[in-house]
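Peer 1: I am attaching a structure below and will ask some questions about it afterwards.
Just so it is clear, none of the values below were taken in a lab; they were calculated from the coordinates. Bear in mind the structure is a predicted one, so any value in this text is a computation, not a measurement. Heads up, the Cβs are rebuilt from the backbone with ideal geometry, glycines too, and the neighbour counts pull from every protein chain shown.
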Amino acid sequence: MSKQNTTLATATATATATATATATATAPIPAPVTVIGLGQMGAALAAALLAAGHPTTVWNRTAQKADPLVARGAVRAADVAEAVAGAELVLVCVLDYPAVRELLAPAAGALRGKVLVNLTSGSPEQARAEAEWAAEHGIGYLDGGIMTTPPGIGDSANMILYSGAPELLAAHRPALAVLGDPVDLGADAGLASLYDAGLLGLMWSVFGGWLHATALAGADGVSAARFTEVSNRWLKTVSWFMSGYAEQIDAGEYPGDDATIDVQVAAIGHLLHAGEARGVDGRLPRLHLDLMRSAVEAGHGGDSYARLIEAFRK
Ligand code: FVH
């Protein structure tokens, strides 16, 4: 080896050793976390935390649901107060908000000074009431909306929506990021539930349209898999339309310079006709037609589809 190469090799080895030592020195030690509620979702949350090396304390009303997690290293608490004592960060994921309050009210003293992250689904009003209850008891509060199912926990491609004190999310981001990509919606604790409810509505509308269209294509022998390949590409274009329409909605102006509602009323006629000819249920496209007609009757047929926001605002 030439002198120049020897020097380069030595420098590279030194840099690698330094980088490894620095990484080792700065690698955050996974913080302890408590998980209350070990249904399908709570168990997935606890499993992801354990897999990432977080000391994890668990509690569930039906105690044996903790067994598989205890076998993987979780600590089983005897009751909620003992569970809460196990960590500064406490996640709760049970059936509904009444169950959350029923569980946590007797442990309010033990929760004081800790951070409660409520990943139970509920309404914005319930979330705001829970945040108030937590504040009254000196408990830090974040409300969360999990935008995936249990198998999707631990995948950063999936969002978990948070609202409540942003500084608490910032402080506990490393642990929460283990569960999914944390999305900060701001200080109003109700927003995670509001977004969650709205996004589920969006999902059901998409599912409905996709199932209707899949039935239509299937009537002529197209497999669901083949039709869905094309549908998924189409959804990317649709999301592009949505971004443009969102700007129109925020501006309160709906120029029909791409496709007018009048044109779409005519187009939906083809969908209805194709469905009728194949015996496919037409309730969903008729609902869309109904909404479009209300805009046309109000004199907005020349506007973009985004104008229909007004039908929903009523
Ligand atoms: N599963 C999902 O895909 C969704 C994704 C989005 C978020 N949701 C919400 O998460 C909450 C829990 O859902 P889950 O799927 O874990 O539900 P289950 O498997 O049915 O587990 C329910 C747990 O709740 C406990 N529980 C129910 N009532 C009480 C109560 N009164 N006191 C104490 N615990 C209670 C139940 O305990 P046990 O029956 O095992 O004893 C389970 O731990 C939910 O808000 C979803 O909307 C999940």
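Peer 1: Net charge near GLY209: determine it from the other residues with C-beta under 14 Å of the C-beta of GLY209, scoring Lys and Arg +1 and Asp and Glu -1.
Peer 2: +1
Peer 1: Further question: Where the only charges are on Cβ atoms (+1 Lys, Arg; -1 Asp, Glu), what is the dipole of the stretch 219-313 about its Cα centre, to the nearest 20 debye?
Peer 2: For this selection, approximately 420 debye.
Peer 1: So, one more: Hey, quick one: spin label on PHE207, modelled 7 Å out along Cα-Cβ, who in the stretch 221-241 has an amide N within reach, i.e. under 13 Å?
Peer 2: Correct set: none at all.
Peer 1: I would also like to ask the following. Set the Förster distance to 51 Å, then compute FRET efficiency between ALA51 and ASP262 from the Cβ-Cβ distance, nearest 0.05.
Peer 2: Between ALA51 and ASP262 the formula returns 0.40.
Peer 1: Here's something else I'd like to know. Roughly what would the spin-label model give for VAL70 and LEU291, points 7 Å off Cα along C-beta, in nm?
Peer 2: Taking the simple label geometry, VAL70 and LEU291 are separated by 5.0 nm.
Peer 1: Excluding SER193 itself, calculate the net charge of residues whose Cβ lies under 11 Å from the Cβ of SER193, where each Lys or Arg counts +1 and each Asp or Glu counts -1.
Peer 2: Once all neighbours under 11 Å are counted, the net charge is -4.
Peer 1: How many nm is it between the label spots at ASN232 and ALA99, if each spot is 7 Å from the Cα in line with the beta carbon?
Peer 2: 3.3
Peer 1: Between SER239 and HIS273, what length in nm is gained on full extension when 0.36 nm per residue of separation is reduced by their alpha carbon distance?
Peer 2: 9.6 nm
Peer 1: Where is the GNM fluctuation largest for the chain (alpha-carbon springs, 10 angstrom cutoff): GLY269, GLY209, GLY201?
Peer 2: For the chain, modelled as a Gaussian network with Cα springs under 10 Å, the answer is GLY269.
Peer 1: Using only Cα atoms, locate the centre of the stretch 193-265 and the centre of the stretch 123-181, then give the distance between them in Å, rounded to an integer.
Peer 2: Distance between centres, Cα-based: 29 Å.
Peer 1: Give a quick list of trypsin sites (Lys or Arg not before Pro) in the stretch 49-120 that DSSP marks as loop, anything other than H, G, I, E or B, with at most 15 other Cβ atoms within 10 Å.
Peer 2: Sites meeting the loop and neighbour criteria: ARG61, ARG72, ARG112.
Peer 1: Using only the alpha-carbon atoms, how far is helix 166-176 inclined from the longest principal axis of the chain? Give it as 0 to 90 degrees, nearest 10.
Peer 2: Helix 166-176 sits roughly 80 degrees off the main axis of the chain.
Peer 1: From the Cα gyration tensor of the stretch 158-314, with a ≥ b ≥ c the square roots of its eigenvalues, which class applies: rounded if a/c is under 1.5, or else prolate if a/b is larger than b/c, or else oblate?
Peer 2: Cα axes put the stretch 158-314 in the oblate bin.
Peer 1: Okay, next question. So what's the chain giving for Cα Rg divided by 2.2 N^0.38 Å, two decimals?
Peer 2: Ratio of Rg to 2.2 N^0.38 Å for the chain: 1.33.
Peer 1: Which order results if PHE312, PHE227, PHE241 are arranged by neighbouring Cβ count within 10 Å, fewest first?
Peer 2: PHE312, PHE241, PHE227
Peer 1: Then there is this: Mind sorting LEU202, LEU142 by how few other Cβ atoms lie within 10 Å of their own Cβ, fewest first?
Peer 2: Ascending number of Cβ neighbours within 10 Å: LEU202, LEU142.
Peer 1: In what sequence do ARG313, ARG293 fall when counting other Cβ within 10 Å, fewest first?
Peer 2: Going from least to most buried by this count: ARG313, ARG293.
Peer 1: Report, largest value first, the span of the C-alpha coordinates of the stretch 261-314 along each principal axis, in whole Å.
Peer 2: 33, 21, 16
Peer 1: Same structure, new question: So the label point goes 7 Å from the Cα of GLU132 along Cα→C-beta, right? Which residues of the stretch 178-193 then have their backbone N under 18 Å from it?
Peer 2: The answer is 187-193.
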